[in-house]
Amino acid sequence: MADRNATRGTSGTHEASRNAADYVGIDVCAERLDVAVRREMGTPGEDPEVDTRWPVIAEWSVSNDEEGWEQLRGHLDGLSVVLVVVESTGGIERRAAVALECAGYGVAIVNPRNARDFARALGILAKSDRVDAQVLSHYAISVRPPRRPLPDVTLEELTALTTRCRQLKKTRAAEMNRRHRAHATVESSHTDLIAYLDAQISGIQARTREIIDGSNALRTRDRRVQTLVGIGPVTSAELLSGLPELGLVKRGQIAALTGVAPLNDDSGKRRGKRVTWGGRSEVRKALYMATLSAIRSNPPIKAHYEQLRARGKPPKVALTACSRKMLVILNAMIRDETDWNPPVAA
């Protein structure tokens, strides 16, 4: 795919200067990568016009394949790249990000909601691939999100397996519902498909177990988190693949990443209800199901739930609080390399 040269009186090629600092935003779709580069020309406060201080110096598009990634690396090699920012797009971005990381570029994969909210805050309401790339380059230079480490191959495979297992389970549930309403003529078709899905799910779960057992680090973590009563193999696999930060960040951060941290809603004298919002939904769902088990079979979690209910908290609020408590416990267990050691009743 031919390059699209930058607008604003610039060309598509720029030499790296000694003091240059270039920030790259890449909008990813299945077929194409749209790229925008901003160069840091000054320090905040020197000029109120952002585009004067951080001008877009180059824009182009390449195909989202190995040939396109090679072209992209060739362009970036002529710049002084500090950071590349791409949005999380359901995995489409992953191969391009890995290609850039392998070439030595720091890549941050950001939540698309954050990038879109950032654009709205700037008054940018239009949305196109080119505009999105410009916004991401602006986000890179303004926010400086943390770099994404080069993915562990084993963890990538585990993530792919747990994701696929969830997809198949959703398909199976839908097929079960269809069979209940199906005409007798097609009922056997539904039954056959459900049996096939069952076999697929079993195979993926077996492969998931092989991946975990084949890695010392994953096997140790898996065994440890399952010592917390309520956490089973399925939830453990979701935590290992979907929450690799477990044990590496503080309790408030791990709760926010999962979406079980209460957020303030206050203004002036008004004190709104605390709500949970955002976070990694699939991890949160798995943790929620584990919490339902824990409030029946884990005495400390059960006691915490009953205390909250006795204070008038709605069931869902109490369950979310228990999920947060379990997550904080798990975070401490992984951090301290200790198994679950429940307090002994006096």
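Laboratory data are not the source of any read-out in this text; all were calculated from the coordinates shown. Every value quoted in this text rests on a predicted model; they were computed, and no experiment measured them. When we count neighbours, we look across all protein chains shown, and the Cβ atoms used for this are built from the backbone with ideal geometry, even at glycine.
Figures for the structure shown
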read-out: The stretch 106-211: C-alpha gyration tensor shape, a/c 1.5 cut-off, then a/b vs b/c; value: oblate
read-out: Nearest-0.05 FRET efficiency for residue 186 and residue 216, computed from C-beta distance (R0 41 Å); value: 0.25
read-out: Förster radius 41 Å - calculated FRET efficiency between residue 173 and residue 249 (Cβ-Cβ, nearest 0.05); value: 0.80
read-out: Length-normalised contact order of the stretch 152-214 in % [C-alpha pairs under 8 Å, at least 6 apart]; value: 51
read-out: FRET efficiency, 1/(1 + (r/R0)^6) with R0 41 Å, evaluated for residue 307 and residue 131 via beta carbons; value: 0.20
read-out: Cα lying deepest toward the dipole's positive end in the stretch 75-152, options 75, 123, 85, charges on Cβ; value: 123
read-out: Gap separating the Cα centres of the stretch 301-332 and the stretch 166-198, nearest whole Å; value: 36
read-out: Label-to-label distance, nm, for residues given as residue 30 and residue 316 (7 Å Cα→Cβ offset); value: 3.4
read-out: Restraint check, 250/325; 250/302; 170/325; 285/316; 170/285; 170/302, Cα-Cα greater than 18 Å; value: 250/302; 170/325; 170/302
read-out: Cα gyration tensor, the stretch 76-149 - rounded (a/c under 1.5), prolate or oblate; value: prolate
read-out: Linear extension gain, residue 157 paired with residue 332, 0.36 nm per residue minus alpha-carbon span; value: 60.4 nm
read-out: Only Lys, Arg (+1) and Asp, Glu (-1) charged, at Cβ; the stretch 22-143 dipole about Cα centre in debye; value: 360
read-out: Beta bridges by DSSP in the stretch 22-143, antiparallel share as percent, to the nearest 5; value: 60
read-out: For peptides 184-197, 296-309, sequence by mean Cβ density within 10 Å, most packed first; value: 296-309, 184-197
